[in-house]
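Written out below as structure tokens is the structure these notes cover.
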Amino acid sequence: LEGGGGGGQSGGAAGCLLLCDLQQRAVDETRRRLEALPSSGLLELDFRCGDHAPVLEGLAAGSADLVVFNLGYLPGGDKSIVTTAEGTVRAMSAAEAAVAPGGCVSVALYPGHEEGSREAEAVLEHAARLPQGGWSVLSSQWINQRSKRSGSPAPSLLLLQRMH
């Protein structure tokens, strides 16, 4: 389940954690786990099921400190419900607009299935085009690891930091 943390305050909370996933099962399980934890009341939780792009496009510019993407499909879930290259690049553009200076976007890429491979390529191409003066971009990948089942590349991590 992905979350975008923002600096917006409401209801006495110091901040808001917005969690969004394509599968209701992921949203429900995350809600159950988080609501079982002790609450300080300092963080407002907002759970949503649906496409990431419209959710992120609804955030004010500079309102998020961190946006986290965990792409692919829900392990043990419906593997026909996956994030897509086009949708993720659109969501990343919205996340980049929402992130405040000094804030970050984190993207876990899973190229182990057909759409995941296309998605990883599109996301990395998108990130490579971000202006050097405005963004610091790091891509990290295990280069000696492959899936034992499929031989596909291991997951990788992409980190984007808005410089100003």
Ordering 110-120, 48-58, 125-135 by per-residue average of other C-beta atoms within 10 angstrom, highest first, gives 110-120, 48-58, 125-135
In whole Hz, the Karplus estimates of ³J(HN,Hα) for region 145-154 (6.51, -1.76, 1.60; θ = phi - 60°; x where Gly or Pro) are 10, 9, 5, 5, 7, 10, x, 6, x, 5
Assuming a viscosity of 0.692 mPa s and a temperature of 37 °C, what translational diffusion coefficient in µm² per second does Stokes-Einstein assign to the chain, Rh being the Kirkwood radius over Cα pairs?
-> 199 µm²/s
Helical segments meeting 18 Å axial Cα length and Kyte-Doolittle 0.0 threshold in the chain (DSSP H) | 85-98
Convex hull volume per residue for region 16-56, taking Cα atoms only, in Å³ = 45 Å³
Options Thr88, Pro153, Gly134, ranked by Cα towards positive dipole end of the chain, top entry (Cβ charges) = Pro153
log₁₀ of I(q)/I(0) at q = 0.12, 0.14, 0.25 Å⁻¹ - region 94-159, Debye sum with one point per alpha carbon = -0.35, -0.46, -1.12
Between Ala97 and Arg146, 0.36 nm times their residue separation minus their Cα-Cα distance comes to what?
-> 14.2 nm
Kindly work out what percent of the DSSP beta bridges joining two residues of region 12-164 are antiparallel, to the nearest 5.
-> 50 percent
Taking protein heavy atoms only, a 1.4 Å probe, and rounding to whole percent, the accessible area of region 6-147 owed to carbon and sulfur comes out at 53 percent
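The values are calculated or read from the model by the stated rules, or taken from the named source; none is laboratory data. This is a predicted model, so every value here is computed, not measured. Reconstructed Cβ throughout: ideal geometry from the backbone, glycine too, with neighbour counts over all protein chains shown. In case anyone asks, the SASA skips ligands and DNA or RNA and just uses the protein heavy atoms, side chains included. Shrake-Rupley method; radii C 1.70, N 1.55, O 1.52, S 1.80 Å.
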